[in-house]
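Before any comments, here is the structure.
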Amino acid sequence: MAERINSIQGVSPVERVQQVSPVSRGSAGQFGALLQQEIKVAEPAISFSKHAQNRAAERGIQVDDALMDQLADSVERAQAKGATNILAFDATRAFIINVPHGRVITTMSQEEMEENIFTNIDGAVLLK
C-alpha cells in the first residue's frame, strides 16, 4: 500500500545540516547592551503632553534639540535621586516633568514663574 515518494521537481534534496554553535554568554551580553542602546536612541527620552505643547506655543517657548537634551538630562539626574515629579527650570522658563514617564506636564515663562507656587513636586533641577 505504501508507495515510494519520488523527488519533487524543483526541490533539491537536503544534503547536510550545518551545526551552528550556541551564542556564548559574552556575545549575548554585548548584543543585549547594543539592543538597549538602540532602544534608547529609537525612543525619545522625554516627550511633551498635549497640554505642555499648547502652553509652550502660547508662551513662546522654543522647543528645540538643545532643550530636549537638557530636559532629558534633568530626568536622568532626577531618576538617580528617586524623584517622581520635578521642576526643571532656568532663568526664563520652567517645566513640570513626570520623571517615570519622561513627560513634560506643563511649561511656564519667566513672568508666570514669579507669580506661582510650585506644588506636587519632589525635586527641582536647574537646567544646564
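Below 14 angstrom from the Cβ of residue 77, what's the summed charge of the other residues (Lys, Arg +1; Asp, Glu -1)? Here the charged neighbours net out to -2.
Scalar couplings 3J(HN,Hα) for the range 84-96, obtained by applying the Karplus form with A = 6.51, B = -1.76, C = 1.60 to θ = phi - 60°, are 10, 9, 10, 9, 9, 8, 9, 5, 10, 7, 9, 9, 8 Hz; x denotes Gly and Pro. First select every other residue whose beta carbon is under 15 angstrom from the beta carbon of residue 109; then total the charges, Lys and Arg +1, Asp and Glu -1. Cβ neighbours under 15 Å give a net charge of -3. Take the Cα of residue 111, step 7 Å toward its Cβ, do the same at residue 53, and the gap between the two points is 2.5 nm. Computed from phi, the 3J(HN,Hα) profile of the range 121-128 under the Karplus parametrisation 6.51, -1.76, 1.60 (θ = phi - 60°) reads 10, 10, x, 9, 10, 7, 5, 8 Hz, with x in place of Gly and Pro.
Every number here is computed from the coordinates shown, using simple stated rules; none is lab data. On a predicted model such as this, the values are computed, not experimentally measured, just so you know. Counting neighbours? That spans all protein chains shown, and the Cβs are built from the backbone with ideal geometry, glycine included.
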